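Worksheet: the structure to be examined is printed underneath.
A short reminder: the numbers here are calculations on the coordinates, not readings from a lab. For clarity, every value in this text was computed on a predicted model and none was experimentally measured. Cβ sites come from the backbone with ideal geometry, for glycine too, and all protein chains shown count toward neighbours.
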Amino acid sequence: MSTHVLPNLNFKYWLSICLYFTFIACSDNAKQNKIITDYELITIYFKEQQKFQVSDSIKTLFVLTDYGCMPCNKNFAEVMVKNLNNPSVLFLILAAGSNIDASEFMKSKNKVFFDVPENVKHHLFENSKVFFFKKNKIDTTIMIDARQIESQIDEINRRLSHL
Amino acid sequence: MIIKKKSLKVNLSIGLLFFILWSCSSDENNIIKKNSLTFKTGFEASYRFSGIFIEKSNKTEYLYFADPITAKCLKTFKLNGTLIDSVPFANALNFIGEVNGISVISRDTIILNSQITNLLVLINSKGQCIKKIYMDSLVNRNKKGDYFELSSSFLDKKTIGNSILFRAEWRYNHNESEPTDVIENLLFFNKKQYNSPYFCKINFNDKTTPVMFGLSNFYLNFTSSSSDYCNDVPLYTCVNNHLFLHTIYSNELFVINEKNLHIEKKIPITSRYTKIGATSFPINVSNIHKLQVIHDSIQSTSGRLFNFFYNTNNNKYYVFIYHAVAASLEKTIGYKKLPYSILSMDSSFSDFKEYNIESNTYFGAFSIMTSQGLIINTPSNNRNENNEYTRFTKFEF
């Protein structure tokens, strides 16, 4: 019975094995360290949770929650309803229908998605807000705020008119 | 000898450990989860618009669930899940606009009151309007010129005898001019609200004095100054022929004499899990523009009393205690999973026992006391499921 378990290998062989494993480790590390942008987080959410691929044609995402100022959320929902037929706009409804009238969103056949806040694994959809996208990046985010609601709605309408 | 001393110490330590564990243990082991109940509501039911009533004609207990916002209807069920009535709100909403509160007295006596505008409509099980009432003509027809806005409790059981109760909020006085300075104006408004009645009781059958206001200076029971900002959702309920009221600013449960609307008794509630009651804050120059933000933060982080029930089977009261939490928790886990416990007490408000509940599974705010015991909502993480079914688990203590 032979006592040599490992073959008698030369230096070059061992060096190549070491280099190979170093390369694998580095590439794996690089994958882990890759910074995921907020835009990517949004596309990943829609792909995984809603089975929907956010394409370049989507320029705006409305997120409706029932967190914070409720009259503001209701005003915001009215702006959303007015844009239901806009093909470049995506809608995510996280607010409960028992808090905000969701009947128009439920009727719509367009890009309207529903979920509960607990299923969202990041912080981007915690408040009612609108994202404007440009070249696969978030260009502007407007988070609905009681103190600025009127000017915010004006700004949203202005931007939507330029889409 | 040394060994004996050591063993004595070990025994004492073990004994002490057992004592600590025993004294720290909650009464949660005494809870028995019974069967689950499912109601095919066809909409996401909300605790604000749900409850229970007994139909006098057949002495049957019915549960009701309403969605006046999206589905715009109310559904009545037997406890076994059989649908009895589906009541459309279209006619009622044409009159009152937005719904603030719902009281169901019987299948054909459903009362809806409006948001802000002081309107009330009585509908039957077909959704037909039986009576439309402009409450302003009753409530705000006073010589003093005070105008009150009426709103309903977030809890079920807002009627007692022939009367319906509202939270009365002073808004303005026709005959008085208000300060133009922002802080002065807010302090003026706050002081007026402090000194004005908290409750309004209306008995539509009483032709001579249908309206009674009461409980002025209520906030001064737990704040020291009328410059403190107090703003809370109304939480009162009429159970066991008594009117109970509580607020986020106090750990006391107020028993109100429904005949004169005076405080009859204050029951301090303590929890082994949380501090109960938020501290009010004074309005000043530095916080004038962020009162709502501070208020929202208090609402979402403070320990507070919520649902209150009486079980006629064992003559015990049950109060739900929501625990103080970090500001971020509601956003992280959602409001339906916030931690809470249930405190039981006997009919003389003693013999307290506190039960910790799995708040991840059971949504405490949405609970109903039935003749068969307490039922607590078990929401799903699947929105379609919640839009179709409303599920509960029955608990025994």
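Some points to look at:
- Qualifying residues in the range A:94-147 (those that are hydroxyl-bearing (Ser, Thr, Tyr) and without any contact (Cβ under 8 Å) to a residue 40 or more places away in the chain) - the one nearest to the other protein chains (Cβ to nearest Cβ): A:SER98
- Filtered residues of the range A:83-93 (kept if of a type in the set (Val, Ile, Thr) and without any contact (Cβ under 8 Å) to a residue 60 or more places away in the chain): A:ILE93
- Considering B:SER367, B:SER380, the condition of being within 12 Å of chain A (Cβ to nearest Cβ) and closer than 21 Å to B:ASN35 by Cα is satisfied by B:SER380 alone.
- Single unsatisfied condition, A:GLU48 versus (1) more than 22 Å from B:CYS73 (Cα to Cα); (2) within 14 Å of another protein chain (Cβ to nearest Cβ): (2)
- Residue within the range A:62-73 that is in contact with a Phe, Trp or Tyr (Cβ under 6 Å, 6 or more places away or on another chain), more than 14 Å from chain B (Cβ to nearest Cβ) and closer than 30 Å to B:SER297 by Cα present: yes
- Residue within the range B:286-305 that is surrounded by 19 or more Cβ atoms within 10 Å (Cβ to Cβ), in contact (Cβ under 8 Å) with a residue 60 or more places away in the chain and part of a strand (DSSP E or B) present: yes
- Residue match in the range B:77-91 (condition: under 22 Å from the mean Cα position of the chain (by Cα) and under 19 Å from B:ILE130 (Cα atoms)): no
- Conditions (1) without any contact (Cβ under 8 Å) to a residue 24 or more places away in the chain; (2) out of contact with any Ser or Thr (no Cβ under 6 Å at 6 or more places or on another chain): number failed by B:ILE368: (1)
- Scanning the range B:378-397 for residues that are in contact with a strand residue (DSSP E or B) (Cβ under 7 Å, 6 or more places away or on another chain) and either in a loop (DSSP other than H, G, I, E, B) or surrounded by fewer than 22 Cβ atoms within 10 Å (Cβ to Cβ) (or both) returns B:THR378, B:PRO379, B:ARG383, B:TYR389, B:ARG391, B:THR393, B:LYS394, B:PHE395, B:GLU396, B:PHE397.
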